[in-house]
Every structure is written in C-alpha cells, then in structure tokens.
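To start, the structure itself, in structure tokens.
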Amino acid sequence: MKDLLGKKVYCKRNGSYGVVTQEDSMTVVVEIGGVPKQVTRATFNRWYSVVSEETAEESKKPEAEPETLKASKRASPKKDVESVEASVEAAEKESANPYGIGLALRDKFLSLVKEMAEEGHLDITVNDKNRTDIVKYNGRNVFECSYAKKRFNVLCHPKSLTPDNMKRATKIYPKEWGWSLRVKFVFTELTQWPLMKTIIADGLFYRQYFQSK
C-alpha cells in the first residue's frame, strides 16, 4: 500500500486538486477546498492521481486552466465534490444490487398490502423469474405488479380508484385492452409510498365490498 499521507492529488472526474489527510487499507480521506471526503481505495485508484508540487502550482495559472476547471470554480466546491462522490457511491451500490430501486419499491408496496389487508382474505402469487406479482383479495385480482431496475409498476381496477387517484395515474388503458386491471401507476422513488397506500386502500375496499370483474 502506497504512503499517500500529505500527498497532493488530482481528481480526473471533476478537475479538482486536494490533499490526502488520512488513509487505511480500505479508505482514503481527501481534503478538497477545505472539505474532507472519504472514498474507498478502489474509487481513489480510479479517479485520483498523485501530482508534484510543480504540476499543482502550474495548474493554478489562469492561462493553463481548462474550461471544465473554470466551470467548477463558478460552482460551490463543496457541492461539486459531494455530487461526484454521490455519483460514484450510487454507481457502486447499483452494481452491487442488480435489481436497483425497483425491488425496494416492490417490497415496500407488498409490505403495505399485507399490513392493510384483513387476514385470510389476501393471496399473493410471486413470479421471481418474470419479476411480477399478482395480488388477489377475496379471490379477485386487485393488483398486478412488475418491477425493473429503476421503476415499479402497478396495474389497478379503474372502478376501485377514487377520482383523485385516477388523476394521478400514469396511464389508463382502454376497455379493449382486454384486462380488468388497466390503470397503471409507475413508482420510481420510495418517497412515493403515500400514493401507494391510497391506491392499496382503494383496491382492498373495492374487492371487499364489490365483486364485479
């Protein structure tokens, strides 16, 4: 492991310079613009390189500044560095989880369904291969769910939804579509759980008191 402590480094991702203030076998702390940022050693090796004092001083001359560096100076150094680190961390998390946010949204939706449904009335058919779930309540289809890496989709019965929730739908398929669950909602963030809860309440109430197809 290289001794990086006190070394000046250059970030190829955003064109900024900093100093290594701490390091261990797993992480490196780089101080840029007075703001310390901890990155994994793999991230450091990918984006940072050690520079000499002469190179660092030369880069500070106005005539030698690239356009990308000039642009970064007009922005907040702290926000710029945080944005870069957040992007790298997000990429690492995404590669570690092949299902992305879609699976988390699906798990949240199904957990809400189980909390809100009456015991003995709920049936969920899971198809992990196709990443789909069919939710039945009182023996009737109430939701059809599917998920991808960046989104979670829910199909609902149009007669189950309140007028307000109908307005929030992503898409409404025509009757000729041939499937009773033809109102589509698309979720991309966990902060959308309140909308999930309202359409679940609509669907369960409808199938509890109405048995039309």
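The values are calculated or read from the model by the stated rules, or taken from the named source; none is laboratory data. All of these numbers come straight from a predicted model, not from anything done at the bench. As a convention, Cβ positions derive from the backbone with ideal geometry for all residues, glycine included, and neighbour counts pool all protein chains shown.
Descriptive notes on the structure:
- Within the range 160-213, restricting attention to residues that are among the basic types (Lys, Arg) and part of a helix (DSSP H, G or I), the residue that is nearest to GLU119 (Cα to Cα) is ARG207.
- Residue tally, condition more than 20 Å from ASN138 (Cβ to Cβ), out of contact with any strand residue (DSSP E or B) (no Cβ under 7 Å at 6 or more places or on another chain), touching a residue at least 24 places away in the same chain (Cβ under 8 Å) and not acidic (Asp, Glu), over the range 166-191: 3
- Output for the range 173-196, where each listed residue is under 20 Å from the mean Cα position of the chain (by Cα) and within 15 Å of GLU144 (Cα to Cα): PHE185, VAL186, PHE187, MET196
- Residue check for ASP128: among the acidic types (Asp, Glu) and modelled with pLDDT of 90 or more: no
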